[in-house]
Protein chains: 2
Amino acid sequence: MEHTVGVVLYPGFESLDVFGPVEAFGCIPGLFRVVTVAEEPGPVASGQGPRTLADHGFADCPPLDVLVVPGGIGTPQQIENPTLLAWLTRRAAETPLVASVCTGSWLLARAGLLDGRRATSNKMFFANAREYGRNVTWIPRARWVEDGRFLTSSGVSAGTDMALHVVAKLAGADVAERVANAMEWTWVRDAREDPFADVWGAA
Amino acid sequence: MEHTVGVVLYPGFESLDVFGPVEAFGCIPGLFRVVTVAEEPGPVASGQGPRTLADHGFADCPPLDVLVVPGGIGTPQQIENPTLLAWLTRRAAETPLVASVCTGSWLLARAGLLDGRRATSNKMFFANAREYGRNVTWIPRARWVEDGRFLTSSGVSAGTDMALHVVAKLAGADVAERVANAMEWTWVRDAREDPFADVWGAA
């Protein structure tokens, strides 16, 4: 098992923000180890209802190669959660790749992790992203944005396109291609162009 | 809350087979109630690692409007599980819409529910589907197949395209469109044509 991916859970996380990347990283057994982490270990309810167990609490989370922060209806509550924000800041400092899906980038920005960087967020509530962080260049048309160790994606499904890009970075383009085909996933490969930017008038 | 959707969990279920449809049905709050059901209530590990709680066991599952059966690396084990197969048979008799994702159609077929019907399955292991059921017309190019109360989809992501079709049936085409846009999901709308049929040589 080469790489460990940690996916953050919090009450009201968006199901596909979490499980699209979980699928991309975990589709082919043995490539990545996927763990879930929340403030405390145990069940966390998504915005859609079903509860998933956090394998680890913040206190006992193992070292990660990739950290994934989802968005969801619960994001606004976490924006004011100092425990989560402090953990993200500490964890991001020691994790090679930090990625957010959808409104998860609001949390990275609020924690100061995107200051001076380029980033994106989901297109439905794009204007809200601009409230967070200092000197963040928010890119309204992007499907996802990679700036150094930080990757931020547009809404929900865009996180899976970004995750496949991370699979390609860490395991090779041919492996990522095989994963996308096994998932029967129509991979939006062009990071610069989110097909939904115009739908939601983000640009 | 108009409709209740029950999603089956079993050890080794494929994450996106479950959570793509969960997202499609649950994305807009108040439209559908989504519950998870397994042989016993409690945690069930997906093929990708994370454990999700079954809200209900087979014994205490509430009436459902839609039943969703996922596939995954755990499907071959369930093919020989008489408890699951008997429950599927009983439940299908009293549920208006029964849908499978990926290798989930092997389970419906094994339970005899697809006898004499048209159906599809995932494209990577399409030949295996033909082992199950009697006089099932397996359609190799389909993204999904609707035959009466039964819907069967191709692999993984195809289940979400099918779920959006069910959203359209039950809540209207405009609502399904809004859901797909909120999910930033590139919806494959043509049920007859799976873009991955040729990739895996299923046709």
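The values are calculated or read from the model by the stated rules, or taken from the named source; none is laboratory data. What you see is a predicted model; the values in this text were computed from it and never measured. All Cβ positions, glycine included, derive from the backbone under ideal geometry; neighbour counts span all protein chains shown.
Only residues that are of a type in the set (A, V, I, L, M), buried (at least 24 other Cβ atoms within 10 Å of the Cβ) and outside any loop (DSSP other than H, G, I, E, B) were counted across the range B:99-128, and they come to 5. Do the conditions hold for B:Ala197, that is, is it within 12 Å of chain A (Cβ to nearest Cβ), surrounded by 17 or more Cβ atoms within 10 Å (Cβ to Cβ) and under 26 Å from A:Phe125 (Cβ atoms)? So B:Ala197 does not fit the description; no.
Any chance the range A:156-171 includes a residue that's within 14 Å of chain B (Cβ to nearest Cβ), on the phi > 0 side of the Ramachandran plot and over 16 Å from the mean Cα position of the chain (by Cα)? There is no residue in the range A:156-171 that is within 14 Å of chain B (Cβ to nearest Cβ), on the phi > 0 side of the Ramachandran plot and over 16 Å from the mean Cα position of the chain (by Cα).
Among the residues examined, B:Asn135 does not qualify as part of a helix (DSSP H, G or I), away from every other protein chain (no Cβ under 14 Å), surrounded by fewer than 21 Cβ atoms within 10 Å (Cβ to Cβ) and touching a residue at least 12 places away in the same chain (Cβ under 8 Å). Looking only at residues in the range A:54-94 that are farther than 16 Å from A:Ala109 by Cβ, outside any helix (DSSP H, G or I) and of a type in the set (Asp, Glu), the one that is nearest to the other protein chains (Cβ to nearest Cβ) is A:Asp55.
Screening A:Val35 with (1) touching a residue at least 12 places away in the same chain (Cβ under 8 Å); (2) facing chain B (nearest Cβ under 8 Å); (3) part of a helix (DSSP H, G or I) gives one miss only, at (3). Among the residues making up the range A:119-131, a single one is more than 14 Å from chain B (Cβ to nearest Cβ) and modelled with pLDDT of 95 or more: A:Ala119. Residues of the range B:45-83 that are of a type in the set (A, V, I, L, M), within 21 Å of A:Thr36 (Cα to Cα) and either out of contact with any Ser or Thr (no Cβ under 6 Å at 6 or more places or on another chain) or surrounded by fewer than 14 Cβ atoms within 10 Å (Cβ to Cβ) (or both): B:Ala45, B:Leu53, B:Ile73. Here A:Arg149, A:Arg192, A:Arg110, A:Arg143 are screened, and the one residue that is in contact with an Asp or Glu (Cβ under 8 Å, 6 or more places away or on another chain), modelled with pLDDT of 95 or more and not aliphatic (A, V, I, L, M) is A:Arg143.
Pairing each residue of the range A:173-194 that is within 12 Å of another protein chain (Cβ to nearest Cβ) with any residue that is among the polar types (S, T, N, Q) and part of a helix (DSSP H, G or I), provided the two are 6+ apart or on different chains, yields C-beta distances under 7 Å for A:Trp185/A:Thr160. The residue that is farthest from A:Ile73 (Cα to Cα), counting only those in the range A:11-32 that are more than 8 Å from chain B (Cβ to nearest Cβ) and in contact with a strand residue (DSSP E or B) (Cβ under 8 Å, 6 or more places away or on another chain), is A:Leu31.
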